[in-house]
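The values are calculated or read from the model by the stated rules, or taken from the named source; none is laboratory data. Note that the coordinates shown come from a computational prediction; the quantities given were computed from them, not determined experimentally. Quick reminder, even Gly has a Cβ in these numbers, built from the backbone with ideal geometry, and neighbours come from all protein chains shown. Surface accessibility is based on the protein's heavy atoms, side chains included, excluding ligands, DNA and RNA. Shrake-Rupley method; radii C 1.70, N 1.55, O 1.52, S 1.80 Å.
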Amino acid sequence: MNRVLGRAGGVAGKGAEALAALAAGRAEARAAALAEAETYERALREVLERNARIAALADARDEIGAHVELPAPLRPAAEQAPEELTAWCSAADQTLDAAERRLSEQVAAEVTGQIFAVPAEGLRAGTGPVPAAPAAAEEALHRVLARLLPDTPERERRAVAEAARLVAGATTEDEAEAALTEVRLRIQDANGRTRELREAERRRAAEREAAEQAEAERRYVLESITTAFADLGYDVQAGFETLTPGDDGTLLLTRGSWPDHSVKMRVDDARQVRAAMVRNGRAESEDDRRVDVEREREWCEAFESARERLERAGIRSQVTWRLDPGVRELPVAAEARQTRSRTGRRERGREREQ
């Protein structure tokens, strides 16, 4: 559901219903909305497969120079429901099947015509074996070649063409039949290779889609975390102020009443959230350390409140590692260390000058 919401998918409305159902404890309504979200994702995968097939046939059509109509690839829009995507796939299948047959027939006609246009050395008049009837051989070869997938790579197509020339050069029906058998075997191998390439392209498209979905989910989680801490009941001055998240999934949380403290947070691929409170300067006294513990307790309470808000947004979490307040001295922010280092260098420089 997070992926669907992050992509602003066609079931965003159902997504909102699912989250509302979760907040209200209506398990049946939430299950129904989540099931529709899964249906939407399945429909997206089906669309991806058709788009990959369209691209492969378009390349074959351009290479052959044929005039065959293909459906335009579909980029699912936010308002499209799963049923619309499934209907498009069904209609696209019919058009693609017809286009593939026409392209295969055109390839078969071109190869057959090229082979039988020039008399083969084996077809000579005079004494000797009676050559196979050219018309019958040509017709049989055309039927066999029509089984070759139109987007077969050039290397496999050349291997099939070489075997097809043996049919034209056959001097007997047995030779012609043996040559046709070889053509069939090479077409079988070529089609198997073509299907492997199609599957590889489908996997690459699925991997790209999965990467896009993972990024959308990461953004959704990041934005939800930002909203949760910003909406904890405080205004801008009294609540958490969140800086614009970086592309690496990092957040910096500060509070108006925390002049010496801040929280650094990082969202790793929407699966793990890491957070740590840091000081803007080193603790110099016991009073500073006492304040550190107080700030840590405040942060822990806010973190638990944020987790509850995130769960209402459809993001469940489990704490896998935690340090209790006061167990370890707070680290100093890198920016503060760099500032102190520069200040120290300037002071030492002035001492040398004096």
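Out of Val273, Val291, I need the residue that is in a helix (DSSP H, G or I) and either open to solvent by 20 Å² or more (accessible area, probe 1.4 Å) or not hydrophobic (A, V, I, L, M, F, W, C) (or both). Which one?
Within the list Val273, Val291, the selection yields Val291.
In the set (1) at pLDDT 70 or above; (2) over 17 Å from the mean Cα position of the chain (by Cα); (3) of a type outside the set (Phe, Trp, Tyr), Arg50 fails one condition alone, (2). Just so you know, in segment 138-175 the residues that are open to solvent by less than 10 Å² (accessible area, probe 1.4 Å) and assigned to a helix (DSSP H, G or I) include one that is modelled with the lowest pLDDT, and it is Ala168. Filter segment 308-333 for residues that are outside any loop (DSSP other than H, G, I, E, B), among the aliphatic types (A, V, I, L, M) and touching a residue at least 60 places away in the same chain (Cβ under 8 Å) and give the result. Of everything in segment 308-333, just one residue is outside any loop (DSSP other than H, G, I, E, B), among the aliphatic types (A, V, I, L, M) and touching a residue at least 60 places away in the same chain (Cβ under 8 Å), namely Leu310.
The set of residues in segment 307-326 that are open to solvent by less than 100 Å² (accessible area, probe 1.4 Å) and over 28 Å from the mean Cα position of the chain (by Cα) comprises Arg307, Arg309, Val319, Leu323, Asp324, Pro325, Gly326.
Does Ala200 satisfy the criteria of being among the small types (Gly, Ala, Ser), at pLDDT below 80 and assigned to a helix (DSSP H, G or I)? Spelling it out, it is not the case that Ala200 is among the small types (Gly, Ala, Ser), at pLDDT below 80 and assigned to a helix (DSSP H, G or I).
Considering only residues in segment 113-137 that are open to solvent by 30 Å² or more (accessible area, probe 1.4 Å) and assigned to a helix (DSSP H, G or I), the one that is modelled with the lowest pLDDT turns out to be Pro134.
Yes/no per residue for (1) open to solvent by 60 Å² or more (accessible area, probe 1.4 Å); (2) in contact (Cβ under 8 Å) with a residue 12 or more places away in the chain:
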site: Thr39; (1), (2): no, yes
site: Leu48; (1), (2): no, yes
site: Asn51; (1), (2): no, yes
site: Ile54; (1), (2): no, yes
site: Asp59; (1), (2): yes, yes
site: Arg75; (1), (2): yes, no
